[in-house]
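Data block below; observations after.
Throughout, read-outs are computed from the coordinates displayed, never taken from laboratory work. Source: prediction; values computed, not measured. Here the Cβ positions follow ideal geometry from the backbone for every residue, glycine too, while neighbour counts run over all protein chains shown.
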Amino acid sequence: MTKTTKTIQVLDDRDRRILALVQRDAKLPQAEIARRVGLSAAAVNERLKKLESGGVIRRFAALVDPGAVGAPIMAFVEVFIEHPRLEPGFIQRVLKMDEVQECHHITGEFSLLLKVRVSDMGALQKLLIEEINACEGVRQTKTVMALSTLKEESYVPTTARGATS
């Protein structure tokens with residue numbers, strides 16, 4: 001898989017404040033955002049469009065309680081791909097699996113780390129055996145079950161490196 005270089009968009013203080021607000025509540029009216037950051041609603045709308053088109057905001061989504069929709073089981077699956085040439089095919093397949101919430105290249109013995117959510121142990125077994133381990137190139141997996149979740153955030157600090165004014 002080839003690496004892509006992203007252009008870092010220059011963000012000013014108001015952009016960062018707008019991002020902080022919409023990350024916490026994407027349904028916050030633009031007029032309220034405007035009031036809080038000292039801009040007009042039209043200016044906030046324009047900035048949000050610019051942040052979206054520039055790729056800073058990837059998408060707006062609802063955060064759903066996994067237990068409330070029947071997916072209370074969370075596990076992390078380390079995947080060892082036997083040869084780098086087989087990795088792109090595996091990744092393409094994993095990207096289509098709704099149960100896989102995250103996929104990360106990692107350091108160490110394994111190639112990738114997956115965060116998965118399923119309804120029960122039978123669904124996890126099926127996902128592991130019939131979907132993940134059945135993929136070409138998967139030599140080994142190691143699964144770690146989450147007993148409980150103390151913190152799970154989607155918020156990204158807007159003062160992170162690259163978010164300079």
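Please report the relative contact order for the chain, taking Cα pairs under 8 Å with a sequence separation of at least 6, and give it as a percent rounded to a whole number.
31 percent
How large is the Kirkwood hydrodynamic radius of the stretch 98-148, counting all unique pairs of alpha carbons, in Å?
In the stretch 98-148 this quantity evaluates to 11.9 Å.
Taking 0.36 nm per residue of separation and subtracting the Cα-Cα distance, what length does fully extending residue 62 through residue 14 add?
14.9 nm
Average the reciprocal distances over every distinct pair of alpha-carbons in the chain, invert the result, and give the Kirkwood radius in Å.
It works out to 18.6 Å.
Quick one: which residues, 5+ away or cross-chain, put their amide H under 5 Å from the amide H of residue 57? H built at 1.01 Å from N.
Under 5 Å from the amide H of residue 57 lie the amide H atoms of 52, each far enough along the sequence or on another chain.
Count the lysine pairs in the chain whose Cα atoms lie under 28 Å apart, taking only pairs 8 or more positions apart in sequence or on different chains.
Value for the chain: 26.
Hey, got a sec? Which chymotrypsin sites (Phe, Trp or Tyr not before Pro) in the stretch 14-102 land in a DSSP loop and have at most 11 other Cβ atoms within 10 Å?
60
With n ≥ 4 as the cut-off for DSSP H runs, can you work out [θ] at 222 nm for the chain, using -39500 (n - 2.57) per run divided by the number of residues, rounded to the nearest 500?
So the calculated ellipticity at 222 nm is -8500 deg cm²/dmol.
Working out 0.36 nm times the residue gap between residue 96 and residue 147, then minus their Cα-Cα distance, what length gain in nm do you get to one decimal?
Net length gain for the segment: 15.8 nm.
So, by mean Cβ neighbours within 10 angstrom, what's the order for 42-49, 109-116 with the highest one leading?
Packing proxy ranking, top to bottom: 109-116, 42-49.
Among the DSSP beta bridges whose two residues both lie in the stretch 67-145, what percent are antiparallel, rounded to the nearest 5?
100 percent
About the Cα centre of the stretch 1-149, what is the dipole size in debye to 20, counting +1 per Lys and Arg Cβ and -1 per Asp and Glu Cβ, all else neutral?
About 680 debye.
Counting pairs of alpha carbon atoms under 8 Å apart in space and at least six apart in sequence, what relative contact order in percent does the stretch 77-148 give?
46 percent
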